[in-house]
1. For residue 257 and residue 129, FRET efficiency with R0 = 41 Å and r from the beta-carbon atoms, rounded to 0.05?
2. Arrange 347, 2, 342 by Cβ neighbour counts within 10 Å, fewest through most, would you?
3. For region 15-147, what class follows from the C-alpha gyration tensor (a ≥ b ≥ c being the square roots of its eigenvalues): rounded when a/c is under 1.5, otherwise prolate if a/b is larger than b/c, else oblate?
4. How big is the gap, in Å, between the Cα center of region 124-176 and the Cα center of region 57-93?
5. Taking every eigenvalue of the Cα gyration tensor of region 240-291, multiplying by 5 and rooting it, what semi-axes result, largest first, whole Å?
6. What nm value, rounded to one decimal, do you get for the distance between residue 66 and residue 288 when each label is placed 7 Å out toward the C-beta?
7. Can you give the Kirkwood hydrodynamic radius for region 20-63, in Å, rounded to one decimal and based on Cα pairs?
8. If the chain between residue 91 and residue 338 were fully stretched, how many nm would it gain, using 0.36 nm times the residue separation less the Cα-Cα distance?
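Only the coordinates and a few stated rules stand behind these numbers; no lab work does. None of the values given here were measured: they were computed from a predicted structure. Ideal geometry is used to build each Cβ from the backbone, glycine not excepted, and the neighbour counts take in all protein chains shown.
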């Protein structure tokens, strides 16, 4: 794989956040949009935290040469703790792959009438095909997804805002006891994205040619995310009833025109595909660091993992989202605090 350009790094960084929850508007509504105007502040804080943590992680990787997440997210050399964090990360990456497969199954069923299990099998096969081409396929998917998602989301949101005359409705408030206010929401959102986001970006660290590319690419990617999320939050302010729908952005798209709803569905499917592929490849890369056998038996590993993810996805999209996201969010908070402290101490001591 060739070195990443600034724009490729920016798209890859932004794309690492765009999964079923984000692109559908479900995450943005639940964590930010439901709090009204405060949602803008919440996502701004989240964006800054994620940018800092990703920069710190990549900076440490470039200086130490180690891509093990367990070492990045723990202090000292406690092997048991490092292994525990690694296992937690593997479970999270596998869980997100399963969730994206379940989400795509439901989406394809709604759009095409295919039985959900057949749609899930087809989606899994497409992920496996792209996985055989390695990290370059991930960069390509994200390079296509991010600009398309930005244009589509902005067009839908601006149309909704124009029709409503930007008259914000009262904040609906969170319906989840786990997310009582926007401050807790932004910390939890940052934390549960930590594993998935870093896991997809970390394998790309060795393809970042210099610090200039890093310092320009990550902030540019953060700007793309702010534009995407900001346009969604603005639309939810004038149309809070969209938050009652399982796919809020799809609801907004259908209010514009049925054809726009179809286009939004295709965009969501692409987002799910990018997230599933990213987590699947990140899982392989992290396991391959630990075990040479995984790298040597890449094809059997891909096939077995794909089949297992498909079977687990049959539990259903909403059930899986309700279990995986909140649990990993709270578990991850101490880990991103450790990462930040570790990087700052390293800078002060001149060791990293």
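1. Efficiency computed from Cβ-Cβ geometry: 0.80.
2. Values: 347 13, 2 9, 342 20.
Ranking 347, 2, 342 by Cβ neighbours within 10 Å, fewest first, gives 2, 347, 342.
3. Verdict is oblate for region 15-147.
4. For region 124-176 versus region 57-93, the Cα centre distance is 30 Å.
5. One finds semi-axes of 34, 12, 4 Å for region 240-291.
6. So the two model labels end up 2.1 nm from each other.
7. Roughly 11.7 Å, rounded to one decimal.
8. Numbers: separation 247, 0.36 × 247 = 88.92 nm, distance 2.00 nm.
Result: 86.9 nm gained on full extension.
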